[in-house]
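The values are calculated or read from the model by the stated rules, or taken from the named source; none is laboratory data. Values in this document were obtained by computation on a predicted structure and should not be read as measured data. Reconstructed Cβ throughout: ideal geometry from the backbone, glycine too, with neighbour counts over all protein chains shown. Remember, those area values only see protein heavy atoms, side chains included, never the ligands or the DNA or RNA. Shrake-Rupley method; radii C 1.70, N 1.55, O 1.52, S 1.80 Å.
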There are 2 protein chains.
Amino acid sequence: MKAAGVIVEYNPFHNGHYVHLQETKKQTGTHCVIAVMSGNFLQRGEPALVSKWSRTKMALEAGVDIVVELPYAYASQNAEMFANGAISILSALLCEEVCFGSEHGEIKDFQHAAQFLKQAAPTYNEKVKNAIDKGYSYPKASSIAFNEVKTTNVKLDLSKPNNILGYHYVKAIHDQHSSLTPLTITRTGAQYHDEEFTSPSIASATSIRQTLFSKSGNINDIDNYIPVSTKNHLINYYNQYNRFHSWEAYFPLLKYKLLTSSLAELESIYECEEGLEYRLMKYIKESTSFITFMGKIKTKRYTWTRLQRLCLHILTNTKKDDLLQLSTLSPYIRLLGMNTRGQQYLNEVKKKIQLPIISKAASFEDPLFMLDITAAHVYASILPEPLCSTAIKQEYSTPPIRFDEDARKFK
Amino acid sequence: MKAAGVIVEYNPFHNGHYVHLQETKKQTGTHCVIAVMSGNFLQRGEPALVSKWSRTKMALEAGVDIVVELPYAYASQNAEMFANGAISILSALLCEEVCFGSEHGEIKDFQHAAQFLKQAAPTYNEKVKNAIDKGYSYPKASSIAFNEVKTTNVKLDLSKPNNILGYHYVKAIHDQHSSLTPLTITRTGAQYHDEEFTSPSIASATSIRQTLFSKSGNINDIDNYIPVSTKNHLINYYNQYNRFHSWEAYFPLLKYKLLTSSLAELESIYECEEGLEYRLMKYIKESTSFITFMGKIKTKRYTWTRLQRLCLHILTNTKKDDLLQLSTLSPYIRLLGMNTRGQQYLNEVKKKIQLPIISKAASFEDPLFMLDITAAHVYASILPEPLCSTAIKQEYSTPPIRFDEDARKFK
């Protein structure tokens, strides 16, 4: 059996993801799709709407065969490290292809851009540095530098979010000498950052979340954009925990953490650079919500996402030291769920997989894995007791979720 | 004008405190009583029912002339350090007497016990150590050792909580070569740890708090035991903040803090000794309330109070390093409130007072004072916004509370 990989957040799983999944199966002719999915916290430095367990169920019901977790150390990072972690896991799981959605949609242009930028690296890097010195954020500086160095035959637009990610997937494949074949499909119907519904059946996850969090929001308002299974899991989660997760709910913990930390402690947090600790301390006392706090600390130099990730690392107490020796290759694979076919695939290839596959958290020890555990603790910390304790226990003792696709039932 | 001192927590101010205050005035013939009061967190390692500002108002309305704060570094400590901090502040404020309540009620026996134990120190200390080696808690070991070394002419019973405190006040006066004269009055009507009302007008603060926190508790149930002014301030606080403060409200923060700390970080916390960090980490995940957590971590070796103080230091992130060089003498005096007479006294003596008197937090910097500020941050952290931000702002910008005793009005 051969497998293809997808790199996802499924926050939540929607019709666009379903199209991506079907296209992946069609283009690769594979019967086993492996999703490497961010855990409880996402690349933009924010909590997932519902837990990774609930999102794993959505994925399995929608036809993903295996769901593994992208460790916190990669999931809550810039595009480059995010891509490295995800690609290394799909390679380790012996996938033949990885298929990603992009605005551009032509894989050869990603390959070309990656090769081109490798050659142009010295000039490109200098131009990035110059733009940063002028006060631009890193993503903006990269985009400016790319436009300055690129020749007319480089067709990729690296200002689009999914093109950037795709470019880093392809680059990671090259850098890691991975045998993965990259494929891309054009994202249709909605753009990544869209906040309003623009298509009859496809909406961005952003707009779906905005609807759920809006005051007048009703879960029925997103019926057109999500599979019924997603809706059921969202309702189940809400009924069990009485909430969806958002940064605002974590703001009291962030504020408490900041107000009890010394400047030296803050400076030791991952991504706390160039005296940002002073800026955070200056504004936290008077800030009454996460959004007003972010508004106050935002500068031209740092993107919202970059600062949001910093806040996340503060919340999870992730130190520079914790990620000092972070490899571009993930040292383990955490299995979150699988269906019968997924299990069959793993049985076939498991002797050839060179990384430890974690089925139960309690039985694995690794400094990097401790960050995932801490992230799970933090994710649960806003839940009232006894739900908080239950969610924490689940993290240690839950075996991978098993889905019987024929019977359409979880085991 | 001469002044006498009292050492208090006023949690909340009740009729027993009023008797103590009147007796102090009577016995000392003073017109100015200075109360050195614990701030937002108390000696038993728990949050005060209401903020230090509200408790200062209770004290002023009841006839205290000056209220100053016992810094966190002394207030949340064992009896010895608590006494040292309090006595040093009253000495610095040039009080002539200090008057404390005790079960024993005879000051000469405190003096005698202090002198006796000074001579018997080598034998006594060895016996304390032996008892600790057998697994007893420090207070229990001290009491055992004292009973073993004391001769028949030593009459003080050092197993009673207020006798212990009183003994340490007298010892601190000796050790600091203070010119304070100690006086004691017998506590009547209620013992410190009483949980039920046993007298028609005097109840322990413990029983008053228990009533307020009990499910059927009504503020009118404590009418007999508190002045009307206390009742009004309790009601005002409750109306403003919609709560009284208890450990249970801080438990989610404590749990979050523990679950995001490394063992090394916990070990660096003040009073985290002998591997206690492992014990805390073992039980926090499954604990759904502060009281169940305490029940699980409690051992014969450590008293409830000792462990509660450790939890408080974890909550406030107070490190061993922060208190490494703690002097027995407080380096500053924070003024919380005064009446006209108190102000007159301060004007008269201020040139002779050798410590800085802090009237506004924003204008003073000292590493030890930072602990008071952090404690205020933590105290506010359970309040919903914008109350949390308001309470924090108050800590920085509130000038001392002024009370006009003739007009019976706060200015």
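Listing for the model above:
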{"quantity": "Index of the failed condition, B:ILE291 passing every other in (1) in contact with a strand residue (DSSP E or B) (Cβ under 8 Å, 6 or more places away or on another chain); (2) within 12 Å of another protein chain (Cβ to nearest Cβ); (3) within 25 Å of B:ARG55 (Cβ to Cβ)", "calculated": "(1)"}
{"quantity": "Wholly enclosed strands (runs of 3 or more DSSP E) of the range A:1-116 bearing at least 1 residues more than 12 Å from the chain's Cα centre (by Cα), over 25 Å from A:GLN308 (Cα atoms) and acidic (Asp, Glu)", "calculated": "A:97-102"}
{"quantity": "A:GLU286, sole failed condition from (1) at pLDDT 95 or above; (2) within 14 Å of chain B (Cβ to nearest Cβ)", "calculated": "(1)"}
{"quantity": "The one condition in (1) under 26 Å from B:THR316 (Cα atoms); (2) part of a helix (DSSP H, G or I) that A:ASN224 fails to fulfil", "calculated": "(1)"}
{"quantity": "Candidates A:ALA120, A:ALA172 - the one that is at negative phi and touching an Asp or Glu at 6+ places or on another chain (Cβ under 9 Å)", "calculated": "A:ALA172"}
{"quantity": "Looking only at the range B:150-194, and only at residues there that are among the hydrophobic types (A, V, I, L, M, F, W, C) and surrounded by fewer than 19 Cβ atoms within 10 Å (Cβ to Cβ), the one that is modelled with the lowest pLDDT", "calculated": "B:VAL154"}
{"quantity": "Residues satisfying the stated conditions in the range B:196-251, i.e. small (Gly, Ala, Ser) and farther than 27 Å from B:ILE392 by Cα", "calculated": "B:SER199, B:SER201, B:ALA203, B:SER204, B:SER207, B:SER214, B:SER216, B:GLY217"}
{"quantity": "Tally of residues being charged (D, E, K, R), open to solvent by 20 Å² or more (accessible area, probe 1.4 Å) and farther than 18 Å from A:LEU253 by Cα across the range A:372-397", "calculated": "1"}
{"quantity": "The one condition in (1) away from chain A (no Cβ under 14 Å); (2) in contact with a Ser or Thr (Cβ under 6 Å, 6 or more places away or on another chain) that B:SER327 fails to fulfil", "calculated": "(2)"}
{"quantity": "Some residue of the range B:109-122 being touching a Leu at 6+ places or on another chain (Cβ under 7 Å) and touching a residue at least 60 places away in the same chain (Cβ under 8 Å)", "calculated": "yes"}
{"quantity": "Residue that is nearest to B:TYR332 (Cα to Cα), among those in the range B:50-83 that are open to solvent by less than 10 Å² (accessible area, probe 1.4 Å) and in contact with a His (Cβ under 6 Å, 6 or more places away or on another chain)", "calculated": "B:ALA83"}
{"quantity": "Top-ranked residue in the range B:307-340 [being open to solvent by 40 Å² or more (accessible area, probe 1.4 Å) and in a helix (DSSP H, G or I); ranked as farthest from B:SER261 (Cα to Cα)]", "calculated": "B:THR340"}
{"quantity": "Scope the range A:360-411; condition of a type in the set (Asp, Glu), within 22 Å of A:GLY85 (Cα to Cα) and either within 11 Å of another protein chain (Cβ to nearest Cβ) or part of a helix (DSSP H, G or I) (or both); matching residues", "calculated": "A:ASP372, A:GLU395"}
{"quantity": "Among the candidates B:LEU336, B:LEU324, B:LEU383, B:LEU387, residue that is closer than 27 Å to B:ALA172 by Cα and touching a residue at least 12 places away in the same chain (Cβ under 8 Å)", "calculated": "B:LEU336"}
{"quantity": "Which listed residue, of B:LEU346, B:LEU355, is assigned to a helix (DSSP H, G or I), open to solvent by less than 60 Å² (accessible area, probe 1.4 Å) and farther than 26 Å from B:GLN240 by Cβ", "calculated": "B:LEU346"}
{"quantity": "Scope the range A:235-279; condition more than 23 Å from the chain's Cα centre (by Cα), crowded, with 19+ Cβ neighbours inside 10 Å and more than 13 Å from every other protein chain (Cβ to nearest Cβ); matching residues", "calculated": "A:LEU276, A:GLU277"}
